[in-house]
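The values are calculated or read from the model by the stated rules, or taken from the named source; none is laboratory data. Computed from a predicted structure; not experimentally measured. Quick reminder, even Gly has a Cβ in these numbers, built from the backbone with ideal geometry, and neighbours come from all protein chains shown. Just so you know, the surface numbers come from the protein's heavy atoms only, side chains and all, with ligands and any DNA or RNA stripped out. Shrake-Rupley method; radii C 1.70, N 1.55, O 1.52, S 1.80 Å.
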Amino acid sequence: MALSAAFNLANLAWANSSSYNASGLANAQILNDPFPYYFPKVNATSAQLFPMPLCHGAKIEEATIDDLQAFMHTGTLTSVQLVTCYIQREFQTGQYIHSILELNPDVLDIAAALDKERHSGHVRSPLHGIPFLVKDNIASKDKMQTTSGSWSLQGSIVPRDAFVVNKLRQAGAVLMGKATLSEWADMRSNNYSEGYSGRGGQAYSSYNFTVNPGGSSSGSAISVSNNVVPFALGTETDGSVINPAERNAIVGFKPTVGLTSRAGVIPESEHQDTVGCFGKTVRDAVYALDAIYGVDQRDNYTLAQSGKTPKNGYANSLSTKQALEGARFGIPWSSFWTQADPEQISVLLDIVQAMKDAGATIVNGTELKYQYVISPNGWNWDYGTTRGFPNESEYTYVKVDFYNNIKTYLSEVTNTNMHSLEDIVQYNIDNVGTEGGTPGIAPAFGSGQDGFLASLATGGIMNETYYQALDFCHRTTREDGIDYALANNGSAVDLLLAPPDVGPSYQIAAQAGYPVVTIPAYVHSLSGMPYGFSFMGTAFSEAKLVKYASAVEDLLKSTNSKYQRKNTPPTWQGYLERVVPTAPQCFGC
């Protein structure tokens, strides 16, 4: 039968059907009540701008993973319904915050399969049926792409899932999509807009759209903060988990380099790259960490964790405020705190006082041995060269690492003409109008691709200066840095406390390859941007970080302190301003 004839017969059948009501169907698609869920009402209060609708009668806005599991356990929600509601949240907010770069076309099928498993009595882990995002530099061997936000890798095909993605699939988590990011994880340019990429556009913090949202794992943090997903993965080379987490009022967990595999992750530096987790609570972030850590033969750095990780996961280290009794914490006042904004210092010291009141001992002046290795003027990963000593700069070896590591990564990627950094640089030049291959063309890339060019100039040669810089940065941030401060001249402390809005705090941990956790603290009165309260430890001290970060979180919650996430909701300041927030990281902005 001809297609047109079949179409006419079908129309005739519909027209003759007693249940057919063309006007009713058309009218049912008309939205007569757009506020408050579907359109933000101009001049509405912040709480009325983007509230999240109930999900089949269940309140999932600000819900924890345990809350969501309870809904699925009782049959209140299925994973399919849960995922659908989060996708609808993306439709509601996505055109404003741009936290998702790409949705997984198979996400509902995956959720349905996991619902079937649950119905048969099989629940894989606390993440069973829970949707999540990964940063777009983390490979997934599915219908989604992995491009680090760059058009140059559009259409390329990865050989396999990243190790961490595969681990989450095995844990029963539902990969909902890829999160936006700073293109190439901030490696391509030194004067750029955090959270911007060619493929994803500009990601925005819902606290203030006009300033730096935090990067480079911008979309991952923003999505969790705005209830687009319950948890997400990001990556950090130097601040890219901790910075966006604290600037979006959520928990960010940056593990020791070597705890989470980088196999399948578009690299920056093998010496500092690590995959981290975002959640609204420490528990939620730890559920994700428990699913992804482990030894991976494709990343030999992970071999270092053998014998240094708990047998049954880090969730067993979660605690309450009682754990603070007798604990000792150090404050590197001169090293970090003096560089913080005064308003932030006042708030963070209130939290420190609450810890003291709960029985903790606070030791001031637990300083790094050599404080001159970090910039007193904010984050600067080339501070060694700024001082005239490139052999004392992390950027010296990061540039070389990137040249070599990206070539290794691309050697396994097919269906692309990008095989080296040279190819990527040329692509950005050939498409200068959109890709900003030269300075002054793309507003988000003010310096063009000077980061790539600096890496290209090294030729990947690991010369004497390279090894001197690597040795210097490791020594001054490890044995003469964090470990020195923790030892405190023979009067050891458990962890160091730091203001994470001070770039050098997480910069020192990044160079050392040591772990950091940040929890929400408060919002700055001038900018409306959140900031956090962070805990720093030595290598593979994640169990201790989990114990005390969750204890402080419980302390603030149980005492109804104003210094907790529930008291710092997004204000959506400037949500109609479509600016490129190129302002650098700064205190209170």
Query - Residues satisfying the stated conditions in region 361-372, i.e. open to solvent by 10 Å² or more (accessible area, probe 1.4 Å) and either modelled with pLDDT of 95 or more or among the aliphatic types (A, V, I, L, M) (or both) - result: Thr361, Ile362, Val363, Asn364, Gly365, Glu367, Lys369
Requested in this report: Would you check if there is a residue in region 386-405 being open to solvent by 20 Å² or more (accessible area, probe 1.4 Å) and of a type in the set (A, V, I, L, M)?
Outcome: no
Query raised in the report: Mind checking which residues of region 529-548 are out of contact with any Lys or Arg (no Cβ under 7 Å at 6 or more places or on another chain), surrounded by fewer than 23 Cβ atoms within 10 Å (Cβ to Cβ) and not charged (D, E, K, R)?
Result: Thr538, Ala539, Ser541, Ala543
Requested in this report: For Tyr370, indicate whether it is over 29 Å from the mean Cα position of the chain (by Cα) and under 27 Å from Ala469 (Cα atoms).
Outcome: yes
Query raised in the report: If a residue has to be buried (at least 18 other Cβ atoms within 10 Å of the Cβ) and not in a loop (DSSP other than H, G, I, E, B) to count, how many in region 549-572 make the cut?
Result: 9
Requested in this report: Return yes or no: is Ala469 open to solvent by 10 Å² or more (accessible area, probe 1.4 Å) and more than 19 Å from Gly330 (Cβ to Cβ)?
Outcome: no
Query raised in the report: Can you find a residue in region 108-121 that is surrounded by 23 or more Cβ atoms within 10 Å (Cβ to Cβ), under 24 Å from the mean Cα position of the chain (by Cα) and not in a strand (DSSP E or B)?
Result: no
Query raised in the report: So Ile519 fits all but one of (1) within 19 Å of the chain's Cα centre (by Cα); (2) β-branched (Val, Ile, Thr); (3) within 21 Å of Arg478 (Cβ to Cβ); what number is the exception?
Result: (3)
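Hey, among Ala469, Ala487, Ala492, which residue is free of Cβ contacts under 8 Å to residues at least 24 places away in the same chain, aliphatic (A, V, I, L, M) and more than 22 Å from Gly215 (Cα to Cα)?
Just a single option satisfies the conditions, and that option is Ala487.
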Query raised in the report: Does region 381-410 hold any residues that are part of a loop (DSSP other than H, G, I, E, B) and among the aromatic types (Phe, Trp, Tyr), and which are they?
Result: Trp381, Phe389
Query raised in the report: Could you list, in sequence order, the residues of region 411-465 that are in a loop (DSSP other than H, G, I, E, B), touching a helix residue (DSSP H, G or I) at 6+ places or on another chain (Cβ under 9 Å), farther than 19 Å from Gly198 by Cα and open to solvent by 50 Å² or more (accessible area, probe 1.4 Å)?
Result: His419, Ile461, Met462, Asn463
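Mind checking whether some residue in region 61-69 is polar (S, T, N, Q), open to solvent by less than 40 Å² (accessible area, probe 1.4 Å), more than 15 Å from Ser225 (Cα to Cα) and touching a residue at least 12 places away in the same chain (Cβ under 8 Å)?
Keep residues of region 61-69 that are polar (S, T, N, Q), which gives 64, 69.
If we keep only those that are open to solvent by less than 40 Å² (accessible area, probe 1.4 Å) as well, we get 64, 69.
From what is left, the residues that are more than 15 Å from Ser225 (Cα to Cα) are 69.
Add one more test, that the residue is touching a residue at least 12 places away in the same chain (Cβ under 8 Å), and what stays is 69.
Yes, the conditions are met somewhere in region 61-69.
For the condition assigned to a loop (DSSP other than H, G, I, E, B) and either touching a strand residue (DSSP E or B) at 6+ places or on another chain (Cβ under 7 Å) or open to solvent by 10 Å² or more (accessible area, probe 1.4 Å) (or both), what is the one hit in Asp480, Asp501? Break it down stepwise before answering.
Details: Asp480 fails: assigned to a loop (DSSP other than H, G, I, E, B).
Going through Asp480, Asp501 in turn, just one is assigned to a loop (DSSP other than H, G, I, E, B) and either touching a strand residue (DSSP E or B) at 6+ places or on another chain (Cβ under 7 Å) or open to solvent by 10 Å² or more (accessible area, probe 1.4 Å) (or both): Asp501.
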Query raised in the report: Do any residues in region 314-334 that are assigned to a strand (DSSP E or B) have Cβ atoms under 7 Å from those of residues that are surrounded by 16 or more Cβ atoms within 10 Å (Cβ to Cβ) and among the acidic types (Asp, Glu), where the two are at least six apart or on different chains, and which pairs are they?
Result: Arg328/Asp494; Phe329/Asp494
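Within region 157-178, is there a residue that is assigned to a loop (DSSP other than H, G, I, E, B), touching a Phe, Trp or Tyr at 6+ places or on another chain (Cβ under 8 Å) and in contact (Cβ under 8 Å) with a residue 60 or more places away in the chain? Steps first, answer last, please.
In the first step, residues of region 157-178 are kept if they are assigned to a loop (DSSP other than H, G, I, E, B); the result is 158-162, 171-173.
With the extra rule that they be touching a Phe, Trp or Tyr at 6+ places or on another chain (Cβ under 8 Å), the set shrinks to 173.
Still in the list and also in contact (Cβ under 8 Å) with a residue 60 or more places away in the chain: 173.
The answer is yes; a qualifying residue exists.
Listed here are the residues, each with its yes/no results for (1) of a type in the set (A, V, I, L, M, F, W, C); (2) under 21 Å from Asp494 (Cβ atoms); (3) open to solvent by 30 Å² or more (accessible area, probe 1.4 Å).
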{"residue": "Phe253", "(1), (2), (3)": "yes, yes, no"}
{"residue": "Ser261", "(1), (2), (3)": "no, no, no"}
{"residue": "Tyr301", "(1), (2), (3)": "no, no, yes"}
{"residue": "Pro310", "(1), (2), (3)": "no, yes, yes"}
{"residue": "Gly313", "(1), (2), (3)": "no, yes, no"}
{"residue": "Asn316", "(1), (2), (3)": "no, yes, yes"}
Requested in this report: Six or more apart or on different chains, Cβ under 9 Å: which pairs go from a residue in region 421-435 that's within 16 Å of Leu456 (Cβ to Cβ) and touching a residue at least 24 places away in the same chain (Cβ under 8 Å) to one that's open to solvent by 50 Å² or more (accessible area, probe 1.4 Å) and among the aromatic types (Phe, Trp, Tyr)? Could you list them?
Outcome: Tyr427/Trp151; Glu435/Trp151; Glu435/Tyr427
Query raised in the report: All but one of (1) polar (S, T, N, Q); (2) under 25 Å from the mean Cα position of the chain (by Cα); (3) surrounded by 22 or more Cβ atoms within 10 Å (Cβ to Cβ) hold for Ser335; which doesn't?
Result: (2)
Query raised in the report: Can you tell me which residue in region 265-288 is surrounded by the fewest Cβ atoms within 10 Å (Cβ to Cβ), limited to those that are over 13 Å from the mean Cα position of the chain (by Cα) and more than 24 Å from Thr458 (Cα to Cα)?
Result: Arg283
